[in-house]
Amino acid sequence: MEAVKAPRGTRDILGGESWKWAYVTQKCREVADDYGYKEVYLPIFEHTELFCRGVGETTDVVEKEMYTFTDKGGRSITLRPELTASMVRSYLENEMGKGAQPAKLWSIGPMFRYERPQKGRYRQFVQMDIEALGAQDAFVDLEVIDFSMELYRRLGLSNLQVILNSVGCPKCRPVYRKALQEYLRPRYDELCDTCKSRYDRNPLRILDCKSPICKEVTEGAPSVMEYLCDECKEHFEQLRRGLDRIGATVVLDKRLVRGLDYYTKTAYEIQSGDLGSQNAVCGGGRYDNLAEAIGGPHVPGVGFASGLERVIITMEAQGCSFGRKPETKAYVVAAEPSARIEAAALARELRMHRISADLDYMGRGMKGQMKSAGNTANYACILGASELEKGVVTVKDMSAGTQEELTTEQLINKLKAQQ
Ligand code: AMP
């Protein structure tokens, strides 16, 4: 019988890689602290309805990609495909509107989407997500975009491009929607099947279709910018002035859309030149009518989500540093079986002093243990009958090949001084 394998589109992040994840997570935490965002832990599953209403019935995510099941109580449950809807639900449920506004939240964790797996696209993936809830101000949009840029700057990423657009609001979007439909009508037959079905339901999404024919058809389509109402225009201008002021270069792209009524004004994405087709390291924007869509009062909001797999792939491609790889400092070697108990005690003592230490549990001889020491640690700390008698440890520097006899106290001081 073949051993059970992990489901398609999932991956195990093992020791050779997990330290990189810890580094990136730590950087996320640092930036969140500096920008005043508080970490929250939200459920990994929610009522399906939250995503149908909060992400949108006509999105690919809801139509095709959700992991939905009925639980033993007969409820329809969905593994979260994204975090924004959950963040807004949490804001409402915990009455965060009564606290300081905007409520600034961040979280990191796994998301689930039934997509076709490829490089940078998985069925379980990790997102870092921030949301600022309760403020209309365009400078909050500025803060959110700046947060993502600052995070990537601190991670050492380069070759990134900020793509920006506005998707208007329920006041001005219907006029644009109509203009877009009118423009597309004569060429309706050329659109792909998906876009044909989008034509009535969600025509803005036709703008970000990846099919070359749809791309060509929409090439000369009217731009949303020409249709923005005064409020949306002013919001966009203020954001652009802010971005200019902080020296951010952005590329305006009318194809960047959200295409649902509760997404409003700002839409943005940061793309990497080192990722291939799945090139978005983060995506975000404003959603002033989402809280109402899930049954709450009017709560404006803006945020972004970044896929950590893609961030790490890009960092690796660009040779970015992940900080210091955790390493074992000392490998305690028992020169004979009778020294094993003292070897265990010495390893424990080193660990109590925050010096990482390891030892053999496989009954290897001296030679085998020295080999393990060479493979895994900076120092071999050898204990044999003569060391025990003299009350010392023979400490061998595995890269220099030198060795000396030290008391335990001297050993601890020496290794601690190197940290
Ligand atoms: P979205 O929620 O679709 O706007 O995606 C936000 C970010 O999450 C993207 O920019 C990607 O970095 C990441 N992401 C989305 N879907 C996936 C996926 N299936 N696998 C890996 N990362 C993803």
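The values are calculated or read from the model by the stated rules, or taken from the named source; none is laboratory data. Every value quoted in this text rests on a predicted model; they were computed, and no experiment measured them. A quick note on method: Cβ atoms are made from the backbone with ideal geometry, for glycine too, and the neighbour counts reach across all protein chains shown. Just the protein is used for accessible areas: all its heavy atoms, side chains included, with ligands, DNA and RNA removed. Shrake-Rupley method; radii C 1.70, N 1.55, O 1.52, S 1.80 Å.
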For this session: Enumerate the calculated ³J(HN,Hα) couplings along the range 202-217 in order (Karplus 6.51 cos²θ - 1.76 cosθ + 1.60, θ = phi - 60°), each rounded to whole Hz, writing x wherever the residue is Gly or Pro.
Result: 7, x, 4, 5, 4, 5, 9, 5, 8, 5, x, 5, 4, 4, 5, 4
Seminar exercise, completed: With all protein chains present and a 1.4 Å probe, the order of Trp106, Trp21 from largest accessible area down is Trp21, Trp106
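Give me the count of lysine pairs in the range 328-414 whose alpha carbons sit under 14 angstrom apart, restricted to pairs 8 or more positions apart or on different chains.
Values: Lys329/Lys396; Lys329/Lys414; Lys367/Lys396; Lys371/Lys396; Lys396/Lys414.
Count of close lysine pairs: 5.
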Exercise. Considering only DSSP states other than H, G, I, E and B, which GluC sites (Glu not before Pro) in the range 1-66 qualify as loop sites with at most 11 other Cβ atoms within 10 Å?
Worked result: Glu2
Seminar exercise, completed: In the chain, taking the dipole from +1 charges on Lys and Arg beta carbons and -1 charges on Asp and Glu beta carbons about the Cα centre, the listed residue (Ser90, Gly368, Gly54) farthest towards the positive end is Gly368
Exercise. From the backbone phi of the range 280-291, what are the Karplus-calculated ³J(HN,Hα) couplings (6.51 cos²θ - 1.76 cosθ + 1.60, θ = phi - 60°) in whole Hz, Gly and Pro given as x?
Worked result: 7, 7, 8, x, x, x, 9, 8, 5, 10, 6, 4
Seminar exercise, completed: Here the relative contact order (percent) of the range 267-323, from C-alpha pairs under 8 Å and at least 6 apart, is 30
Seminar exercise, completed: Check: C-alpha center the range 255-270 vs C-alpha center the range 48-89, spacing in Å is 20
Exercise. For the range 263-362, rounded, prolate or oblate, judged on the Cα gyration tensor with a ≥ b ≥ c (square roots of eigenvalues), a/c < 1.5 rounded, else prolate if a/b > b/c?
Worked result: prolate
For this session: Can you bin the range 109-231 into rounded, prolate or oblate? Criterion: square roots of the alpha carbon gyration tensor eigenvalues sorted a ≥ b ≥ c, rounded for a/c under 1.5, prolate for a/b above b/c, oblate for the rest.
Result: oblate
Exercise. In terms of modelled amide H atoms, which long-range or inter-chain residues lie less than 5 Å from the amide H of Cys229?
Worked result: Cys169, Cys172
Exercise. Which whole-number percent is the relative contact order of the chain (Cα, under 8 Å, 6+ apart)?
Worked result: 15
Problem set entry | Subset of Lys325/Lys416; Lys27/Lys254; Lys64/Lys265; Lys5/Lys119; Lys27/Lys104; Lys178/Lys254 violating a 21 Å alpha-carbon distance limit | Lys27/Lys254; Lys64/Lys265
Problem set entry | Cα shape, the range 180-250, gyration tensor, a/c 1.5 rule | prolate
Exercise. Dividing the convex hull volume of the alpha carbon atoms of the chain by its residue count, what do you get in Å³ per residue?
Worked result: 209
Seminar exercise, completed: Relative contact order as a percentage, the range 328-414, C-alpha pairs under 8 Å and 6+ apart, gives 31
